[in-house]
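Written out below as structure tokens is the structure these notes cover.
The values are calculated or read from the model by the stated rules, or taken from the named source; none is laboratory data. All values reported here derive from a predicted model rather than from experimental measurement. Reconstructed Cβ throughout: ideal geometry from the backbone, glycine too, with neighbour counts over all protein chains shown. SASA here: full protein model, heavy atoms, side chains in, ligands and nucleic acids out. Shrake-Rupley method; radii C 1.70, N 1.55, O 1.52, S 1.80 Å.
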Amino acid sequence: MKVFFSRSLLLVGLLFGLSAVSADNTTLPHYAKDKHLGVGSCSNSTCHGSIQPWKKSNVLQNEYVTWTKEDNHSRKAYKVLTNKLSKRIARNLGLKDPAHEAKVCLDCHADNVPTDVRGERFDLADGVGCEACHGGSERWLESHTSSETTHEENLENGLYPTEDPVARATLCYSCHFGDANKLVTHRIMGAGHPRIRFELDTFSATQPAHYEVDKDYRERKPTFDGVQIWAIGQAIGMRSNLDLLMDPKRGHDGIFPELVLFDCHACHKKMETASWRPRAGTGLPPGIVRLNDANFIMLRHIVKVVDAGLGSQLRKQTRALHRSVIKGNAAVKRAAVAVRATTEKAIKLIANHEFSDKDIVAILKSIVAEGLKGELRDYASAEQTMMAANNVVVVLENAKAINDLELDVLNKALDKMFDATKNDKVYRPGKFAAALKILKSAIPNL
Ligand code: HEC
Ligand code: HEC
Ligand code: HEC
Ligand code: HEC
């Protein structure tokens, strides 16, 4: 798997970094009060529905066409709710309504805002429409087309700051994991919903992007490096997990905690004997269901390179969090609060750090070393490691920090990693470890 994203100018991101990250508190489009006027209000051929990109415009103008033809968020996201699998899920869950009319499904598969904030051209069947990400356009639809209007003014009028990685990650994770109000629970998965995986930088590219981070973009908006986007995505993924873990309502199901917080394959694998190995990062004894810590691990290695002290604090605190699971609810709460506070610090640190090519290589080496110690054997960690390695290689390639030969060797290693992680049903930790070894020898010394 090879995905492309453009490495943006770091300097601009740094200048604007601080103020942009305050967008953290922005209300998500799903919960804000502005009316959603509908995809039909954006799709005119002189607006965002042009067949070809416009040369003279700041934005591509063909966003609607890209979204319709290549983006799974289009009507397809809604339409899957009428397919056989969705019918089965709805039946298994005993839903009163069919899936395409059930709030529990529509909240993520469409722009399911309350009826009083739906404009005349709003159509639920449009799926995850423009305003599900960009915010209800009631106050900015008219003004945003004027060249006099600044991006800041649009934001004040309710445009959601999708360019800001913290705000973007919070938005994506609200559906690609869940938030306090919506979640693919283990019950929904048990009914047949596919497992959910997410990585912000990879998924931003494969959506696919309907925008170009070019010169005028940088003048209008703050930009962030691909590594920053990946790193912040890991931190927000971790925060989403912690918030669910601490949620007294959502985080529990009867006597059990919500099982989507744990490593799926800890339970969903064939029964084996004598395959257990200790993991230093968790300190857990055998026979215990482990929290899914793929995001924790990635974030720890990123932070370690930027601030060694904070990195070791994260290591201590995530280990304590793992161990708290065998101590009881009060201990879990205490440990989760501590990790969350450190995660917030890490987000600020990363958003304002200029990652050099040396940093990036150091992060990858650090992850690979941990993997070779056997700490990333589970499928979720292997999958995140594969996407991380891919991101790093793309960044190095775009920065021309590596030559063609080095790139070729790295790409061969990536192919092996991709092959080892492409299907969780036949995943073998040994095959992944072998791919990691190849990657290790392919990483250049910068
Ligand atoms: C918290 C958000 C969320 C909720 C709630 C949710 N889904 Fe999903 N669903 C997703 C995401 C995200 C994906 C895509 C996963 C991927 O491919 O990475 C998905 C994928 C699917 C797919 C597979 C689609 C395909 O292209 O193969 C089906 C079918 C589906 N969901 C049905 C449902 C049904 C039925 C419900 C209600 C019971 C539901 N979903 C509730 C977020 C959600
Ligand atoms: C799943 C979320 C999502 C959906 C759905 C979505 N966008 Fe976007 N859009 C983004 C992200 C992320 C960016 C890049 C960050 C930014 O510049 O805000 C973006 C950027 C843009 C830009 C800015 C380009 C620039 O140069 O400043 C335009 C215009 C745009 N989208 C229009 C649309 C339109 C029109 C639709 C519906 C047909 C749509 N988007 C649907 C997430 C989304
Ligand atoms: C309102 C909920 C919602 C939001 C917000 C959202 N997504 Fe999605 N996304 C979905 C659903 C539902 C699907 C699955 C659609 C399907 O398969 O039919 C999906 C699918 C995708 C896919 C295709 C996955 C695959 O396996 O084919 C990508 C990539 C993606 N989303 C990226 C993003 C990114 C990046 C963001 C944030 C900018 C984002 N999404 C925000 C609901 C959402
Ligand atoms: C603590 C153990 C545990 C964890 C962790 C766990 N599950 Fe489950 N899962 C179960 C059990 C028990 C069942 C019910 C099996 C049965 O019905 O016989 C189940 C059922 C399922 C089913 C339905 C299987 C079937 O036979 O139809 C799916 C799909 C599923 N889980 C997915 C997941 C995913 C995805 C994750 C991770 C996000 C996960 N599970 C995490 C224990 C777990």
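How many residues are within 13 Å of residue 444 (Cα to Cα) and open to solvent by 10 Å² or more (accessible area, probe 1.4 Å) if we restrict to segment 380-399?
1
Given the criterion in a helix (DSSP H, G or I) and farther than 14 Å from residue 436 by Cα, identify the matching residue among 382, 388, 401, 362.
Working: 382 fails: farther than 14 Å from residue 436 by Cα; 388 fails: farther than 14 Å from residue 436 by Cα; 401 fails: in a helix (DSSP H, G or I).
From the options 382, 388, 401, 362, the qualifying one is 362.
Which of the helices (runs of 4 or more DSSP H) contained wholly in segment 289-358 include at least 1 residues that are surrounded by fewer than 18 Cβ atoms within 10 Å (Cβ to Cβ)? Before you say what the answer is, go through the steps one by one.
Details: elements: 294-306, 308-324, 329-351.
By residue number, 308-324, 329-351.
Could you list, in sequence order, all residues of segment 365-379 that are surrounded by fewer than 17 Cβ atoms within 10 Å (Cβ to Cβ) and not in a helix (DSSP H, G or I)?
Correct list: 373, 374.
Would segment 25-38 turn up any residue that is among the polar types (S, T, N, Q), modelled with pLDDT under 90, closer than 30 Å to residue 349 by Cα and surrounded by 16 or more Cβ atoms within 10 Å (Cβ to Cβ)? Let's see the steps before the verdict.
Step one: list which residues in segment 25-38 are among the polar types (S, T, N, Q), which gives 25-27.
With modelled with pLDDT under 90 added as a condition, the list becomes 25-26.
Checking the rest, the ones that are also closer than 30 Å to residue 349 by Cα come to 25-26.
Filter once more, keeping what is surrounded by 16 or more Cβ atoms within 10 Å (Cβ to Cβ): 26.
Checking segment 25-38: at least one residue is among the polar types (S, T, N, Q), modelled with pLDDT under 90, closer than 30 Å to residue 349 by Cα and surrounded by 16 or more Cβ atoms within 10 Å (Cβ to Cβ).
Regarding residue 112, is this residue within 15 Å of ligand 3 (Cβ to nearest atom), of a type outside the set (A, V, I, L, M), in contact with a Leu (Cβ under 7 Å, 6 or more places away or on another chain) and assigned to a loop (DSSP other than H, G, I, E, B)?
Numbers: within 15 Å of ligand 3 (Cβ to nearest atom): yes; of a type outside the set (A, V, I, L, M): yes; in contact with a Leu (Cβ under 7 Å, 6 or more places away or on another chain): yes; assigned to a loop (DSSP other than H, G, I, E, B): yes.
It is true that residue 112 is within 15 Å of ligand 3 (Cβ to nearest atom), of a type outside the set (A, V, I, L, M), in contact with a Leu (Cβ under 7 Å, 6 or more places away or on another chain) and assigned to a loop (DSSP other than H, G, I, E, B).
Based on this model, can you work out whether residue 44 counts as open to solvent by 20 Å² or more (accessible area, probe 1.4 Å), assigned by TED's automatic domain parsing to the domain that holds residue 155 and away from ligand 3 (no atom under 15 Å from the Cβ)? Let's see the steps before the verdict.
Numbers: open to solvent by 20 Å² or more (accessible area, probe 1.4 Å): yes; assigned by TED's automatic domain parsing to the domain that holds residue 155: yes; away from ligand 3 (no atom under 15 Å from the Cβ): yes.
Yes: the conditions hold for residue 44.
Identify all residues within segment 263-288 that are part of a loop (DSSP other than H, G, I, E, B) and open to solvent by less than 40 Å² (accessible area, probe 1.4 Å); write none if there are none.
263, 275, 279, 281, 282, 283, 284
With the structure loaded, tell me whether residue 28 is part of a loop (DSSP other than H, G, I, E, B) and either closer than 16 Å to residue 211 by Cβ or within 16 Å of ligand 4 (Cβ to nearest atom) (or both) or whether it fails that test. Quick ask: steps written out before the conclusion?
Numbers: part of a loop (DSSP other than H, G, I, E, B): yes; either closer than 16 Å to residue 211 by Cβ or within 16 Å of ligand 4 (Cβ to nearest atom) (or both): no.
Judged against the criteria, residue 28 is not a match.
Before we move on, is residue 76 touching a residue at least 12 places away in the same chain (Cβ under 8 Å), within 11 Å of ligand 3 (Cβ to nearest atom), outside any loop (DSSP other than H, G, I, E, B) and surrounded by fewer than 18 Cβ atoms within 10 Å (Cβ to Cβ)?
Criteria met by residue 76.
Which residues, taken from segment 192-246, are of a type outside the set (A, V, I, L, M, F, W, C), free of Cβ contacts under 8 Å to residues at least 40 places away in the same chain and within 13 Å of ligand 1 (Cβ to nearest atom)?
Listed by number, the list holds a single entry, 194.
Regarding residue 211, is this residue within 16 Å of ligand 4 (Cβ to nearest atom) and aromatic (Phe, Trp, Tyr)? Spell out how you get there, then give the answer.
Numbers: within 16 Å of ligand 4 (Cβ to nearest atom): no; aromatic (Phe, Trp, Tyr): yes.
So residue 211 fails the test.
Quick one: which helices (runs of 4 or more DSSP H) lie wholly within segment 133-203 and hold at least 1 residues that are more than 11 Å from ligand 2 (Cβ to nearest atom) and surrounded by fewer than 16 Cβ atoms within 10 Å (Cβ to Cβ)?
Values: elements: 151-156, 165-176, 186-190.
It comes to 151-156, 186-190.
Looking for whichever is in the same structural domain as residue 292 (by TED's automatic domain parsing), of a type outside the set (Val, Ile, Thr), open to solvent by less than 10 Å² (accessible area, probe 1.4 Å) and within 11 Å of ligand 3 (Cβ to nearest atom) here; the options are 237, 226, 251, 233. Which one fits?
Working: 237 fails: within 11 Å of ligand 3 (Cβ to nearest atom); 226 fails: within 11 Å of ligand 3 (Cβ to nearest atom); 251 fails: within 11 Å of ligand 3 (Cβ to nearest atom).
Result of the check over 237, 226, 251, 233: 233.
Quick one: which residue in 97, 111, 123 is charged (D, E, K, R), under 14 Å from residue 133 (Cβ atoms) and outside the structural domain of residue 210 (by TED's automatic domain parsing)? Walk me through it before giving the result.
On the way: 97 fails: under 14 Å from residue 133 (Cβ atoms); 123 fails: under 14 Å from residue 133 (Cβ atoms).
Just a single option satisfies the conditions, and that option is 111.
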